[in-house]
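> My structure is below; once you've seen it, I'll send some questions.
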Amino acid sequence: MSLRDHEPVIIDEFNGWWQRGDIDSCPLDHWTDAINVQFAESGFTTRDGVGASPFQNKSNILRVYSYNSAPVGEGVVILNTSGEFWHLYNGATNAFKFLTIVTATDFARVELFERLYFSPSTRDSPNGLGSEFYYVYKGDGATAARKAGGTAPVNADGIMTAANSATVGNVSAGVHIFAIAYITDTGFITALGPDTLAVLNPATGGFKVDLATIPKSGASFVTDRWILGTKAIPTTTYNGDSRGYEFFFIQKIGDNTTTSLTIDFFDTELLDSADNLFDYFANPPAFGGLSTYHGRVIGWNPGNAIDSAYASDVGSPEAFNQVDGLIQLAASEYGITVCQEYRDVLYMFRANQTFGASDNGDIPSNWSIVTIDEGIGCGKHGVPEVGDIGQSLNQEQLILVNNAGIFQFNGLFTRPELSYKIQDYIIANFGFTPGSIHAQIAIDARVTRLYIALPDLNLILMGDYRNGLSPKSIKWTKWTFGFEPSCICLFTDPNKLLIGSRTGTDNGLYQMISGQTNDVLYVTGTVKIPNPTIITALIGD
């Protein structure tokens, strides 16, 4: 047969990188290697270049998150290798260091009520940083972060006294015990105090009660206080245990200065119990990760614990009940890595296991937990950020990264895996020990791309799913840079991929810039095409 009789092979679509099986198994419309490309209709170009981020230049970046703060607008928060937490916002001149924890090498965060709640951890552990705390930052670019929660009044704040008033009132006869709880500027209500509670023994009945030496906090973030008290206790049964009776919310003091007050109430008006205040963390410990579910903050792996998570009260991101809020998994050598809401279920992942917890309307410690998968889980930072530019709570599936590859999850892990085309590369480079990779994933639904930062491999995997999010349709390529891509995030205005780097002479915060010239494009193991313009499909003749 002569060349004249040869039937040409028409390749009208480039479908990206293939690394599965031997070289002869690579389909004709794929490449055995693809570096620094991005895909267009029936063709490809060199990837966009990188340039300085729109924020003040900071170096040695370990983690970056977008943060939309009401006081100052859109920006990012970063952690650097010196343990400094920075808020960068509104152009290249505004930067505020809101906390320093020198031992922190990672952190998790959630945004609620336009505040940043965050928790320090380490890059190589699923746990919260030992002896550290869960913090709140108001996002104003001026006020330092503080420990979330707050401590109860103590005797040094004032030892409150209670006496029968000369004014006629409605307080019932019997023993009444009174206490104070502080209210912070973020709405957290502390446990009751001071150490010595005010005991009115007895109230004569038919009169109001005069309170004096009411404790006031020395903390600037305490703005208001609650007066708490018991219903009338018969004098014949009072046992002297001032903390052994049920307390109720009586009256709010709208300041942190008043030290004397006359109060009046019917026992029948006392309906809102304050007894749960005894069970909250005063200052919640540092968690290994944070997410939200049904209006609660979910924090997992506090300190040395690897099998437990805590759910805050609904609408109260600082109120973690140590008893009712505990969600406990069976013991394992691997800690919880991710908790993610999906289709009204809280999925709880270890590196090698997956569980589902359902809010049944009861307290979190009574939620039902079922085992979903005993062999596959999710890595730390292996679930994309949820938001308007990324993964949606209403989408058909989650995209997860673990040691076995990149998976679609719809309540079960689907096969073949999304990384099917490059699975040999995954097996060779992701390691076999669960949790051993430092992969971070982000999804940009607007441009139908997913990005997976792999700092240990010094690259980003990019998957283009414009033709469909499936193992067959997705197009893979590797992106390399002159720096280590330690972390990534999507910044919304305009929509950009931000890349942080912790090492090398060019470490810092970068952004992908559409149309900016890139260096060298590799589309096979040997061919180099340094042309940044589009290369159209090849048609045989």
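The values are calculated or read from the model by the stated rules, or taken from the named source; none is laboratory data. If you're wondering where the values come from, they're calculated on a predicted model, not measured in any experiment. Here the Cβ is made from the backbone with ideal geometry for all residues, glycine too, and neighbour counts use every protein chain on show.
> Being in a loop (DSSP other than H, G, I, E, B), at pLDDT 95 or above and either crowded, with 17+ Cβ neighbours inside 10 Å or touching a helix residue (DSSP H, G or I) at 6+ places or on another chain (Cβ under 8 Å) (or both) narrows it down to one residue among ALA144, ALA104, ALA162; which is it?
On the way: ALA144 fails: either crowded, with 17+ Cβ neighbours inside 10 Å or touching a helix residue (DSSP H, G or I) at 6+ places or on another chain (Cβ under 8 Å) (or both); ALA162 fails: in a loop (DSSP other than H, G, I, E, B).
None of the other options fit; the residue is ALA104.
> Only residues that are out of contact with any Pro (no Cβ under 9 Å at 6 or more places or on another chain) and either modelled with pLDDT of 95 or more or among the aliphatic types (A, V, I, L, M) (or both): list them for region 66-87, please.
Those that are out of contact with any Pro (no Cβ under 9 Å at 6 or more places or on another chain) and either modelled with pLDDT of 95 or more or among the aliphatic types (A, V, I, L, M) (or both): ALA70, VAL72, VAL76, VAL77, ILE78, ASN80, THR81, SER82, GLU84, TRP86, HIS87.
> Condition first: outside any strand (DSSP E or B), under 18 Å from the mean Cα position of the chain (by Cα) and of a type in the set (Gly, Ala, Ser). Can you find one or more residues in region 326-343 that meet it?
So in region 326-343, the residues outside any strand (DSSP E or B) come out as 329-335, 343.
Pick out the ones that are also under 18 Å from the mean Cα position of the chain (by Cα) and you get 335.
Subset that is of a type in the set (Gly, Ala, Ser): 335.
Yes, that holds for at least one residue.
> For region 393-413, give me the residue count where each residue is closer than 14 Å to SER473 by Cβ and either without any contact (Cβ under 8 Å) to a residue 12 or more places away in the chain or among the hydroxyl-bearing types (Ser, Thr, Tyr) (or both).
Count: 0.
> Go through region 474-485 residue by residue and tally those that are polar (S, T, N, Q) and at pLDDT below 95.
If we filter region 474-485 for residues that are polar (S, T, N, Q), which is where we start, we get 477, 480.
Pick out the ones that are also at pLDDT below 95 and you get 480.
Going through region 474-485 one residue at a time, the tally reaches 1.
> Show me the strands (runs of 3 or more DSSP E) entirely contained within region 199-265 in which 3 or more residues are at pLDDT 95 or above and within 17 Å of ILE189 (Cβ to Cβ).
Working: elements: 207-212, 222-229, 248-253, 261-263.
In region 199-265, the matching strands (runs of 3 or more DSSP E) lie at 222-229, 248-253.
> Could you list, in sequence order, all residues of region 324-379 that are among the aromatic types (Phe, Trp, Tyr) and either more than 20 Å from ILE452 (Cβ to Cβ) or modelled with pLDDT of 95 or more (or both)?
The initial filter retains those residues of region 324-379 that are among the aromatic types (Phe, Trp, Tyr), namely 334, 342, 347, 349, 355, 367.
Correct list: TYR334, TYR347, PHE349, PHE355, TRP367.
> List every residue pair whose Cβ atoms sit under 6 Å apart, with the two residues 6 or more apart in sequence or on different chains, where the first one lies in region 114-125 and is more than 18 Å from GLU318 (Cα to Cα) and free of Cβ contacts under 8 Å to residues at least 40 places away in the same chain and the second, anywhere, is surrounded by fewer than 24 Cβ atoms within 10 Å (Cβ to Cβ) and not polar (S, T, N, Q).
Correct list of pairs: THR122/ASP106.
> While we're on this one: Being farther than 23 Å from ALA166 by Cβ, in contact with a helix residue (DSSP H, G or I) (Cβ under 7 Å, 6 or more places away or on another chain) and among the hydrophobic types (A, V, I, L, M, F, W, C) narrows it down to one residue among PHE221, PHE247; which is it?
Selected residue: PHE247, the only one of PHE221, PHE247 that is farther than 23 Å from ALA166 by Cβ, in contact with a helix residue (DSSP H, G or I) (Cβ under 7 Å, 6 or more places away or on another chain) and among the hydrophobic types (A, V, I, L, M, F, W, C).
> Which condition number in (1) in contact with a Ser or Thr (Cβ under 6 Å, 6 or more places away or on another chain); (2) free of Cβ contacts under 8 Å to residues at least 60 places away in the same chain; (3) buried (at least 24 other Cβ atoms within 10 Å of the Cβ) is the one that SER312 fails?
With (1) in contact with a Ser or Thr (Cβ under 6 Å, 6 or more places away or on another chain); (2) free of Cβ contacts under 8 Å to residues at least 60 places away in the same chain; (3) buried (at least 24 other Cβ atoms within 10 Å of the Cβ) applied to SER312, the lone miss is (1).
> Could you go through region 297-307 and let me know if any residue there is surrounded by fewer than 19 Cβ atoms within 10 Å (Cβ to Cβ), touching a residue at least 40 places away in the same chain (Cβ under 8 Å) and not in a loop (DSSP other than H, G, I, E, B).
no
> Can you name the residue in region 20-44 that is part of a strand (DSSP E or B) and surrounded by 18 or more Cβ atoms within 10 Å (Cβ to Cβ) and, of all such residues, is farthest from the chain's Cα centre (by Cα)? Lay out the reasoning, then the answer.
Just the residues of region 20-44 that are part of a strand (DSSP E or B), to begin with: 31, 35, 37-40, 43-44.
Keeping just the survivors that are surrounded by 18 or more Cβ atoms within 10 Å (Cβ to Cβ) gives 31, 35, 37-39, 44.
Details: TRP31: 37, ILE35: 31, VAL37: 31, GLN38: 30, PHE39: 31, PHE44: 35 Å.
The extreme case among them is TRP31.
> In addition: From the list PHE247, PHE287, PHE281, exactly one residue is aromatic (Phe, Trp, Tyr), closer than 26 Å to TYR134 by Cβ and in contact with a Pro (Cβ under 7 Å, 6 or more places away or on another chain). Which is it?
On the way: PHE247 fails: in contact with a Pro (Cβ under 7 Å, 6 or more places away or on another chain); PHE281 fails: in contact with a Pro (Cβ under 7 Å, 6 or more places away or on another chain).
One residue alone meets the criteria, PHE287.
> Could you please find all residues in region 63-89 being outside any strand (DSSP E or B) and farther than 13 Å from GLY500 by Cβ? Walk me through it before giving the result.
Taking region 63-89 as the starting set, the residues that turn out to be outside any strand (DSSP E or B) are 70-72, 81-83.
Matches in region 63-89: ALA70, PRO71, VAL72, SER82, GLY83.
> Just one of the numbered conditions (1) farther than 18 Å from ASP373 by Cβ; (2) surrounded by 21 or more Cβ atoms within 10 Å (Cβ to Cβ) is not true of SER419; which one?
Unmet condition: (1).
> Does PRO471 qualify as being touching a Leu at 6+ places or on another chain (Cβ under 6 Å) and part of a loop (DSSP other than H, G, I, E, B)?
Yes, satisfied.
> Only one residue in ALA428, ALA439 is closer than 24 Å to GLY51 by Cα and modelled with pLDDT of 90 or more, so which one is that?
Numbers: ALA428 fails: closer than 24 Å to GLY51 by Cα.
Going through ALA428, ALA439 in turn, the sole match is ALA439.
> Give me the pairs, please: first residue somewhere in region 65-91 and in contact (Cβ under 8 Å) with a residue 24 or more places away in the chain, second residue anywhere and acidic (Asp, Glu) and crowded, with 20+ Cβ neighbours inside 10 Å, beta-carbon distance under 9 Å, and either six or more positions apart or on two chains.
Filtered contacts from region 65-91: LEU79/ASP106.
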